[in-house]
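Below: the structure, in structure tokens.
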Amino acid sequence: EPEVTQTPSHQVTQMGQEVILRCVPISNHLYFYWYRQILGQKVEFLVSFYNNEISEKSEIFDDQFSVERPDGSNFTLKIRSTKLEDSAMYFCASSDLGLQSSYEQYFGPGTRLTVT
Amino acid sequence: DAKTTQPTSMDCAEGRAANLPCNHSTISGNEYVYWYRQIHSQGPQYIIHGLKNNETNEMASLIITEDRKSSTLILPHATLRDTAVYYCIVRVPSGGYQKVTFGTGTKLQVIP
């Protein structure tokens, strides 16, 4: 069964450093998403991406964040200058173009980001 | 999106059916009910969705009341691996991207 993959599984970085989280969505999917979950809190939407541009972003997704699809398979989330409060699990997800199934998003296993 | 109400937590004995309720009394006619779950430290997982008819797949059954104001997710034979947080979400599906807005869900503990 196709699945979303994410690397690395755990990333430790110092405050102020740049990090890039990587995702490989399901191959025939067209919509890509990033979510995050701070320990003990809800899963929060960050950004959605379609046709090489951002479709929607949340208030969390400020100028420190950017997304990119550098090639036909990878989807990345960059945090330019990490803060302590960026420590969280980051989940990538993808979905296809179906109508009724368009809410059926497939999530990756997540990257745990720890900012020290 | 219609608001949903779920119990904070539930227990279920292994091998028994787990019945997870969700109240969505303000649901509108074109909104679907979706269920996701999140096993500890893993990414959320889509389970099932429906409009007004009962639905069944290999993972679960979804029972929606006739007035559509509530629904129940049924895991017919719960196993320890079904221990997770279960999210009930109500939303109008449409073509294109759709962010998933997660609430706090129901924490299901399957007990041996």
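What is the mean number of Cβ atoms from other protein chains located within 10 Å of the Cβ atom of each residue in peptide B:37-47, rounded to a whole number?
Mean inter-chain Cβ contacts per residue within 10 Å come to 5.
Could you give the dipole magnitude of chain B about its Cα centre, charging the beta-carbon of Lys and Arg +1 and that of Asp and Glu -1, in debye to the nearest 20?
Charge dipole of chain B: 220 debye, to the nearest 20.
I need the calculated FRET efficiency for the pair B:S9 and A:D71, taking r as the beta carbon distance and R₀ as 35 Å, to the nearest 0.05.
Using R0 = 35 Å, I get an efficiency of 0.20.
If I take R0 = 22 Å and measure r between the Cβ atoms of B:R16 and B:N54 in this structure, what FRET efficiency does the formula 1/(1 + (r/R0)^6) give, to the nearest 0.05?
In this case the efficiency is close to 0.65.
What pairs in B:K52/B:K107; A:K42/A:K78; B:K69/B:K107; A:K57/B:K107; A:K83/B:K69 have C-alpha atoms more than 31 Å from each other?
A:K83/B:K69, as the Cα separations exceed 31 Å there.
Each value in this text was obtained by applying a stated rule to the coordinates, not by laboratory testing. Computed from a predicted structure; not experimentally measured. Every residue, glycine as well, gets a Cβ built from its backbone with ideal geometry; the counts of neighbours run over all protein chains shown.
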